[in-house]
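Heads up, the thing below is written out as structure tokens.
The values are calculated or read from the model by the stated rules, or taken from the named source; none is laboratory data. Note that the structure is a prediction, hence the values are computed from the model and not measured. Because the Cβ atoms are built from the backbone with ideal geometry, glycine has one as well, and the counts that use them run over all protein chains shown. When the accessible area is computed, the model is the full protein with side chains, heavy atoms only, and any ligands, DNA or RNA have been set aside. Shrake-Rupley method; radii C 1.70, N 1.55, O 1.52, S 1.80 Å.
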Amino acid sequence: PAARARRPKVPSVSPRQGLSPSEVQALLGVLDLSIPIGLRDRALLLLLAVQAWRIAECLGLQVEDLGEEAGHKVATVHGKGAKVCRVTLAATTWQAIQDWMTVAGITEGPLLTPVRKDNRVVQGKPISAQSAWRRLRLLGRRAGLRPIHAHLFRHGSATTLLDKGVPLRDVQDHLRHADPRTTRRYDSHRLSLENQSP
């Protein structure tokens, strides 16, 4: 019955404007790294901004998913569509994760866990998606940014990498997109006049 149904048209450019590097730095700048929640939030922000992970992938990360291969720090990502893959972690992301784990005393189970108002870390369960969204909105307000949500980090990462001349295929691999057209949609500067050839 659906053979003749018309698929909705998807615009070639996403209407979402990804976060710029300066906006990410502003978010990192409002963190209080002297308390556990600040260290946890830094790890979350770097997983979103540097690694370009989806929020569900961040919250699903287990300590057991972290490791080392051929001298590289790596993590197993349980991605969209039940896809599982091994990815390299940037040095800044790995250090942020290690700092959080040390202060939180986490050695197994979910990596990003709740922190109570008395700075007590709750181990054994991940923070909820709703809590993560609330934290991002709060940090965005503190940094004086527009309303933000988690997926803007992926859009911003794609735009930044392409602006730096990273080949589309490599950016596609970084975001783990099956189709390069999806990656191109994430490029906020794709149709910018500054990028047009004379």
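Overview of values
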| item | result |
| --- | --- |
| Residue in the stretch 41-48 that is open to solvent by 20 Å² or more (accessible area, probe 1.4 Å), under 18 Å from G156 (Cβ atoms) and modelled with pLDDT of 95 or more present | yes |
| Candidate set from the stretch 139-149 (those that are within 17 Å of the chain's Cα centre (by Cα) and aliphatic (A, V, I, L, M)); member that is farthest from I37 (Cα to Cα) | I148 |
| Matching residues in the stretch 67-110 - criterion: being buried (at least 17 other Cβ atoms within 10 Å of the Cβ), free of Cβ contacts under 8 Å to residues at least 60 places away in the same chain and either touching a helix residue (DSSP H, G or I) at 6+ places or on another chain (Cβ under 7 Å) or under 12 Å from A43 (Cα atoms) (or both) | K73, A75, L89, T93, W94, A96, I97, M101, I106 |
| Those residues of the stretch 153-189 which are of a type in the set (A, V, I, L, M), part of a helix (DSSP H, G or I) and open to solvent by 10 Å² or more (accessible area, probe 1.4 Å), in sequence order | L161, L162, L168 |
| Matching residues in the stretch 111-152 - criterion: being open to solvent by less than 50 Å² (accessible area, probe 1.4 Å) and in contact with a His (Cβ under 8 Å, 6 or more places away or on another chain) | L136 |
| Near pairs, Cβ below 6 angstrom, 6+ apart or cross-chain, from the stretch 152-179 (closer than 19 Å to V77 by Cα) to any residue that is open to solvent by 50 Å² or more (accessible area, probe 1.4 Å) and basic (K, R) | H155/R16 |
| Strands (runs of 3 or more DSSP E) lying entirely in the stretch 39-103 (those with 3 or more residues that are of a type outside the set (A, V, I, L, M, F, W, C)) | 66-69, 72-78 |
